[in-house]
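In what follows, a single structure is set out as structure tokens and then discussed.
The values are calculated or read from the model by the stated rules, or taken from the named source; none is laboratory data. Just so it is clear, the model here is predicted, and its values are computed rather than measured. Note that we place each Cβ from the backbone using ideal geometry, even for glycine, and neighbour counts take in every protein chain shown.
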Amino acid sequence: MTGPISASPAAPAAAPAADARRAEMRAAAQAFEAIFIRQMIGSMRQAGLASDVFGSQATEQFREMGDAQLAQSMAQQGGFGIAEMLLGQMSRGPGDDGGNGNNVSAAQ
């Protein structure tokens, strides 16, 4: 007739959900890194170490667009490592101190 119900069919469904969640977290971390890099580039431009002979509103707008694309590319390559660090922090569970002994809840 019918056999016992096993939990094995549910296990494969959990793996794609976890992979999708991990992909969402990676995208969010890379977006944060891109924003951080963009802000850094903007601060460097505001330092004004060189005079802009062809400075205009249009030139500034295209420069900002180029800076945003550069920041996005840099974040995708992971050269700064901010996204990886964020992923490491987000993948830990609540109360997990990463083995460094700095768990505040354990000290109380």
Identity of the residue in the range 81-100, surrounded by 11 or more Cβ atoms within 10 Å (Cβ to Cβ) and in contact with a helix residue (DSSP H, G or I) (Cβ under 6 Å, 6 or more places away or on another chain), that ends up modelled with the lowest pLDDT:
M90
What tally of residues in the range 69-80 results from selecting those that are without any contact (Cβ under 8 Å) to a residue 40 or more places away in the chain and buried (at least 16 other Cβ atoms within 10 Å of the Cβ)?
2
So, of the residues in the range 43-56 that are at pLDDT 70 or above, within 21 Å of A71 (Cβ to Cβ) and not hydroxyl-bearing (S, T, Y), which turns out to be surrounded by the most Cβ atoms within 10 Å (Cβ to Cβ)?
R45
